[in-house]
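Visitor: Shown below is the structure under consideration.
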Amino acid sequence: MQVDHNVLIWGIVGLATAGVIVRPFALPEAIWAVAGAALIVLLQLLSPHDALSGIAKGTDVYLFLIGMMLLSEVARLEGLFDWLAALAANRAKGSPTRLFLLIYLVGTVVTIFLSNDATAVVLTPAVAAAVKAVKAEKPLPYLLICAFIANAASFVLPISNPANLVIYGAHMPPLLQWLPRYLLPSILSILVTYLVLRWTQRDALRQTIESEMTVPKLSLGGKVAGLGIVATAVVLLAASAKDLQLGLPTAIAGAATATIVLIVGRRSPWHAVKDISWGVLPLVAGLFVLVEALDKSGLIASIAALLRSSAQGSIAGAAWGAGVAIAVGSNLVNNLPAGLIAGSAVQSADIPDQITRAILIGVDLGPNLSVTGSLATILWLNALRREGLSVSAGAFLKIGVLVMPPALLAAIGASLLFG
């Protein structure tokens, strides 16, 4: 009977994950994750107490997401991202390739300090507006940047991707330990992704764009939002340096910045609250419950045992195998559930740090293979649809299969050689 229960758990988790990725009937991703979690509890495959315990494990992630969403939304409302994109377009001086590089640099900075989801959600519309203003006949190369850099730069800092929090859990390395481990792999990830993506778009970038465009004046609220983002980054770097969890400082800094910006801009809080993607929170909570059920089924213990066994044979071999496997797997089930499962296994396996680093890189960078790889890419697709644009799964895969593997191999290789 226990085996039947386990098979039922795996089946429900699989269907719920498929619902998150495919979004049948165009229903929000959160509905499928929450429905799967609720069904597991209703069928008594997981007790309500264990379900609540699973939800509680995500507290730091929820707080982190709330803070980052507040920061991103007030910055968007005040036109900060529009200003940055327009500034990049103006500095391009009519060169399509220079505009490509400048937008890539802006996307890198936004990802590092505001997380990959912010790049997908708020920078994508700003880039779309900027390339429209310079009358680019082929806007897709510039919009692809927002998808690829959102993942490629997402392990420069602990705050660059919520997945980083779930891989390490309560054992997040302090900043001064994080940087030696991930700085060089991140630089290579960003550089290789740029070079290959730029190469894939070489024909599309043979176009003409306007040499001058009007850069909108940045409002006082926009300047305050920018300063708030810088201050938040400083606070989080300090918290990371002191080995503190990042969720609560992020939520406090985001709420404080949003409050000041709204007061300065004389805006109603409703303007900042209504457009935030609050559905991300129940989505993540539902996934935490699903992973808790997988833990009770013994699947995560089996993965942890496999990691320990592989590490005993060859640490480098285990790191390569785990990093590549989770990178590919993230595209099959999305890197949110993949990261939660991998994080739970890593935290219970007591494996060498080289393997943990390779797994984190795989979870963060692997999703650049396909549109189903990460929440950031799914959010990017939604942002494109709102702009009347679309990219098919096949078209993205043709680019991703060229861009992701060399960046992944370079990043994992650097983490093993120099970490």
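Visitor: Select from segment 140-174 the residues that are more than 13 Å from the chain's Cα centre (by Cα) and closer than 18 Å to Tyr194 by Cβ and write down the one among them that is surrounded by the fewest Cβ atoms within 10 Å (Cβ to Cβ).
Guide: Result: Leu140.
Visitor: What about Val109, is it surrounded by fewer than 24 Cβ atoms within 10 Å (Cβ to Cβ), assigned to a helix (DSSP H, G or I) and touching a Pro at 6+ places or on another chain (Cβ under 6 Å)?
Guide: Working: surrounded by fewer than 24 Cβ atoms within 10 Å (Cβ to Cβ): yes; assigned to a helix (DSSP H, G or I): yes; touching a Pro at 6+ places or on another chain (Cβ under 6 Å): no.
Against the criterion (surrounded by fewer than 24 Cβ atoms within 10 Å (Cβ to Cβ), assigned to a helix (DSSP H, G or I) and touching a Pro at 6+ places or on another chain (Cβ under 6 Å)), Val109 does not qualify.
Visitor: Can you tell me which condition Leu244 does not meet? The list is (1) under 24 Å from Gly58 (Cβ atoms); (2) aliphatic (A, V, I, L, M); (3) not in a loop (DSSP other than H, G, I, E, B), and all the others hold.
Guide: If we test Leu244 against (1) under 24 Å from Gly58 (Cβ atoms); (2) aliphatic (A, V, I, L, M); (3) not in a loop (DSSP other than H, G, I, E, B), just (3) comes out false.
Visitor: Additional query: So Ile9 ticks every box in (1) farther than 23 Å from Leu143 by Cβ; (2) surrounded by fewer than 19 Cβ atoms within 10 Å (Cβ to Cβ) but one. Which box is left unticked?
Guide: It is condition (2) that Ile9 fails.
Visitor: Answer with yes or no whether Leu123 is buried (at least 20 other Cβ atoms within 10 Å of the Cβ) and either closer than 28 Å to Arg386 by Cα or modelled with pLDDT of 95 or more (or both).
Guide: Working: buried (at least 20 other Cβ atoms within 10 Å of the Cβ): yes; either closer than 28 Å to Arg386 by Cα or modelled with pLDDT of 95 or more (or both): yes.
Yes.
Visitor: Here is a further query. Which of the following residues is over 16 Å from Gly67 (Cα atoms), surrounded by fewer than 18 Cβ atoms within 10 Å (Cβ to Cβ) and of a type outside the set (Val, Ile, Thr): Glu292, Glu212? Lay out the reasoning, then the answer.
Guide: On the way: Glu292 fails: surrounded by fewer than 18 Cβ atoms within 10 Å (Cβ to Cβ).
Within the list Glu292, Glu212, the selection yields Glu212.
Visitor: Run Asp243 past the list (1) in contact (Cβ under 8 Å) with a residue 24 or more places away in the chain; (2) buried (at least 19 other Cβ atoms within 10 Å of the Cβ); (3) of a type outside the set (Ser, Thr, Tyr) and report the number of the one that doesn't hold.
Guide: (2)
Visitor: Any chance you could count how many residues in segment 109-126 are over 20 Å from Val235 (Cα atoms) and either over 9 Å from the mean Cα position of the chain (by Cα) or among the hydroxyl-bearing types (Ser, Thr, Tyr) (or both)?
Guide: 7
Visitor: Take the residues in segment 344-376 that are at pLDDT below 90 and under 15 Å from the mean Cα position of the chain (by Cα); name whichever of them is surrounded by the most Cβ atoms within 10 Å (Cβ to Cβ).
Guide: Ser374
Visitor: A further question follows. Taking the options Ala129, Ala147, name whichever one is touching a residue at least 60 places away in the same chain (Cβ under 8 Å) and within 29 Å of Ile209 (Cα to Cα). Don't jump to the end; show me each part of the working.
Guide: On the way: Ala129 fails: touching a residue at least 60 places away in the same chain (Cβ under 8 Å).
Being touching a residue at least 60 places away in the same chain (Cβ under 8 Å) and within 29 Å of Ile209 (Cα to Cα) holds for just one of Ala129, Ala147, which is Ala147.
Visitor: Among the residues of segment 104-120, which ones are of a type in the set (A, V, I, L, M, F, W, C) and closer than 11 Å to Phe81 by Cα? Please lay out each step first, then the result.
Guide: Start the filter on segment 104-120 by keeping residues that are of a type in the set (A, V, I, L, M, F, W, C), which leaves 105-106, 109-110, 112-114, 118, 120.
Once the filter is applied, which keeps residues that are of a type in the set (A, V, I, L, M, F, W, C) and closer than 11 Å to Phe81 by Cα, segment 104-120 yields Val106, Val110, Ala118.
Visitor: Might you let me know whether segment 398-419 holds any residue that is part of a loop (DSSP other than H, G, I, E, B), in contact with a helix residue (DSSP H, G or I) (Cβ under 8 Å, 6 or more places away or on another chain) and either of a type outside the set (D, E, K, R) or touching a residue at least 24 places away in the same chain (Cβ under 8 Å) (or both)? Give the steps one after another, and end with the answer.
Guide: First, pick out the residues of segment 398-419 that are part of a loop (DSSP other than H, G, I, E, B): 419.
Remaining after also requiring in contact with a helix residue (DSSP H, G or I) (Cβ under 8 Å, 6 or more places away or on another chain): 419.
Filter once more, keeping what is either of a type outside the set (D, E, K, R) or touching a residue at least 24 places away in the same chain (Cβ under 8 Å) (or both): 419.
Looking for residues that are part of a loop (DSSP other than H, G, I, E, B), in contact with a helix residue (DSSP H, G or I) (Cβ under 8 Å, 6 or more places away or on another chain) and either of a type outside the set (D, E, K, R) or touching a residue at least 24 places away in the same chain (Cβ under 8 Å) (or both), one finds at least one in segment 398-419, hence yes.
Visitor: Next question, about the same structure. Which condition does Trp178 not pass, out of (1) in contact (Cβ under 8 Å) with a residue 40 or more places away in the chain; (2) assigned to a helix (DSSP H, G or I); (3) of a type outside the set (Asp, Glu); (4) surrounded by fewer than 17 Cβ atoms within 10 Å (Cβ to Cβ), if it passes all the others?
Guide: So the condition that Trp178 fails would be (4).
The values are calculated or read from the model by the stated rules, or taken from the named source; none is laboratory data. This structure is a prediction, so every number in the text was calculated from the model and none was measured. So basically every Cβ, Gly included, is an ideal-geometry build from the backbone, and we count neighbours across all protein chains shown.
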